[in-house]
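Peer 1: Handing you this structure, nothing more for now.
Since every read-out is calculated from the coordinates, none of them should be taken as a lab result. What you see is a predicted model, and the numbers here were worked out from it, not measured in a lab. Note that each Cβ is placed from the backbone with ideal geometry, even for glycine, and that neighbours are counted across all protein chains shown.
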């Protein structure tokens, strides 16, 4: 779906208040109710808006400890791993990653012992997991990416078709940090679907 400025402004309003009525959206956007309704329905149909959810403060409901569990998998057992992932009640978010680890799980629990139990007992039994590294979250800041950024023109790197891998920081002999980009092999673009 092609988003125009009115769509982006509508999405920003819905991020602030997902329960905002179509009439209120129309008023804030300076458009008719029927236009606002049509735009909202189009956002739902196209999958841009996937739902409206309550934002819950984890510590207020007893989930005061968070950790990122980096997972290294046995490459032939991705299907087993993905099938078991839904059984992790502590899981808030999972991402497949590049680099040293294959994935990252953001997990929340009442205390450190519960995270330890999850990693050392439950995940350690999964045949698909080769190794884990657990990093406890000390402090968090939540933000939402600017939707207007997606509407800006593409950078020359994107336009060139080049693909980049990880960026790491390396200390030199004089202890200055230097940014060292590691280029990933160029992946041919798939044509047609």
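Peer 1: Enumerate the residues in the stretch 48-77 having an amide nitrogen under 14 Å from the point lying 7 Å beyond the Cα of residue 106 toward its Cβ.
Peer 2: 55-59, 65-70
Peer 1: Taking the Cβ of each residue in 130, 50 as the centre, tally the other Cβ atoms inside 10 Å and list the residues starting with the fewest.
Peer 2: Details: 130 13, 50 8.
Listing 130, 50 from fewest to most nearby Cβ atoms yields 50, 130.
Peer 1: Something else: How long is the gain from residue 1 to residue 59 if the chain were fully straight, where each residue apart is worth 0.36 nm and the alpha carbon distance is subtracted?
Peer 2: Length gained, residue 1 through residue 59: 17.2 nm.
Peer 1: I would also like to ask the following. What distance in nm lies between label points placed 7 Å from Cα along the C-beta direction at residue 46 and residue 77?
Peer 2: Spacing of the two 7 Å Cα→Cβ label points: 4.2 nm.
Peer 1: What ranking of 16, 55, 27 emerges when the number of other C-beta atoms within 10 Å of each C-beta is taken as an exposure proxy, fewest first?
Peer 2: Result, fewest neighbours first: 55, 16, 27.
Peer 1: State, in angstrom, two size descriptors of the stretch 45-160 derived from its alpha carbons: Rg to one decimal place and Dmax to the nearest whole number.
Peer 2: 17.3, 49
Peer 1: When a footprinting reagent is the concern and you count Cβ atoms within 10 Å, what order do 15, 9 take, fewest first?
Peer 2: 15, 9
Peer 1: Further question on the same structure: Counting every Cα pair in the stretch 75-118, what percent are over 14 Å apart?
Peer 2: When all Cα pairs of the stretch 75-118 are counted, 57 percent exceed 14 Å.
Peer 1: Now, a different point. Roughly how many whole Å is it from the C-alpha centroid of the stretch 102-154 to that of the stretch 2-69?
Peer 2: 25 Å
Peer 1: Kindly identify the stretch 12-53 as rounded, prolate or oblate by the Cα gyration tensor criterion: order the square roots of the eigenvalues as a ≥ b ≥ c, call it rounded if a/c is under 1.5, otherwise compare a/b with b/c, prolate if a/b is larger, else oblate.
Peer 2: Oblate is the answer for the stretch 12-53, as a/c is 1.5 or above yet b/c matches or exceeds a/b.
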